[in-house]
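Comments concern the structure below.
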Amino acid sequence: MPISSPVEGFRLAYDDHAGAGGHVVLLHGWPGDRNDHREVVARLSGRCRIVVPDLRGFGESQAPSGALPADFAAEAQARSVLALVEELGMGPAVLAGYDIGSRIAQVAAGARPDLVRALVVAPPLPGIGERVLTPDAHREFWYQAFHRLDLAEELLDGSPAAVRAYLAHFWSHWSGPGFQPDPAELDRLAAAYGRAGAFVASINWYRAGSGAIARSLAERVPAPADRLGVPTTVLWPEHDPLFPRAWSDRLEQFLSDVELRPLDGAGHFAPLEAPDAFAAAIADRLA
């Protein structure tokens, strides 16, 4: 397993799949790791070079001692991803992701559009605004406030059994009606997230203010010249309880070159629930 050069003390573990036809970086979500993209990798294998990292605080990536929550925020995560693109000589690359991986890809594209050929992302996306505070949304986003409490660490960190039950809730509740989380995969994630300190490292994303509630409430519609200009394909699932499809109505206010594609039948875990559509969107951006 290769591992990146350090950036601010963080080293990203990653898989590197050889192939011609362009470069792709796949970014995972919470609560997952680089294995979230296993079905997409299988469909793109040999057609392009594919790099799939564990983000800061996840999987087999390494963090420096004394790292603060801010070191796991979207902007910090993007710095590690962009440094990996440069280190491997991959730029410009297609960045693709969902959940926190989507947010990181968007931040990376805004910071270094010279290194990003295109984006292929599922929610979260900008344009949600104060709708994130509606009663339906409030019932879904409770975990983001919980993650900022010391109680989350006291109840879950270092306990694989408790972590497994907690993660199983999200993998079941956020997925579409035709998807069943793999028990063996849940066992694997529980072992990884259940190591002492691992769960807290994963939720530092929320403690740093990078969750959907904090980001959506802080967003402001940019001037047309300041919209994200990287060509972007947005894949919006039909059954994601966190991000209703109606929230896709303001994308053009934030993205200057965007294509919206519906993912009918899928829930939140787009790369696993709709890998054919996810891989096809990446292939189209490589073409």
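The values are calculated or read from the model by the stated rules, or taken from the named source; none is laboratory data. Predicted model only: the values in this text are computed from it and were never measured. Here the Cβ is made from the backbone with ideal geometry for all residues, glycine too, and neighbour counts use every protein chain on show. Please note that ligands, DNA and RNA were not included when accessible areas were found on the heavy atoms of the full protein model with its side chains. Shrake-Rupley method; radii C 1.70, N 1.55, O 1.52, S 1.80 Å.
Here are a few things to note about the model shown:
- Tail fraction, Cα-Cα pairs, region 102-256, threshold 21 Å, whole percent: 54
- Positive-end residue of Leu286, His169, Val121, charge dipole of the chain with Cβ unit charges: Leu286
- Distance distribution note for region 1-87: the fraction of Cα pairs above 23 angstrom is 20%.
- Cα centroid separation, region 44-112 to region 234-260 (Å): 22
- A value for Cα extents along the principal axes in Å was derived from the coordinates, and within the list [x] 56, 52, 35; [y] 66, 47, 34; [z] 47, 44, 36 it appears as [z].
- Zero-based 5 Å bins, Cα pair distances in region 50-115, whole percents: 3, 17, 30, 27, 15, 6, 1
- Charge dipole magnitude, Cβ of K and R +1, D and E -1 - the chain, Cα centre, debye nearest 20: 320
- In order through region 96-101: 3J(HN,Hα) via Karplus (6.51 cos²θ - 1.76 cosθ + 1.60), integer Hz, x for Gly, Pro: 9, x, 9, 6, 5, x
- Rg over Rh [alpha-carbon atoms, Kirkwood Rh] for region 167-287: 1.01
- Element breakdown for the chain at a 1.4 angstrom probe: carbon and sulfur atoms account for 53% of the accessible area.
- Working from Cα pairs under 8 Å separated by at least six residues, relative contact order for region 7-160 is 22 percent.
- Simple spin-label estimate for Ala196 and Ser5 gives 3.4 nm between the two label positions (7 Å along the Cα-to-Cβ direction from each Cα).
- Antiparallel content of DSSP bridges confined to the chain, in %, to 5: 25
- For region 153-164, 3J(HN,Hα) computed residue by residue from phi via the Karplus equation (6.51, -1.76, 1.60; θ = phi - 60°) reads 5, 5, 7, 10, 5, x, 10, x, 5, 5, 5, 4 Hz, glycine and proline entered as x.
- Fraction of C-alpha pairs exceeding 16 angstrom in region 184-233: 65 percent, rounded to a whole number.
- Surface exposure of the chain, expressed per residue as accessible area with a 1.4 Å probe, stands at 39 Å².
- Each residue of region 120-136 was assigned a 3J(HN,Hα) from its phi angle through the Karplus curve 6.51 cos²θ - 1.76 cosθ + 1.60 (θ = phi - 60°); the sequence is 10, 9, 9, x, x, 10, x, x, 6, x, 6, 5, 5, 9, 5, x, 4 Hz, with glycine and proline shown as x.
- Across the chain, Cα pairs under 8 Å and at least six residues apart give a relative contact order of 21 percent.
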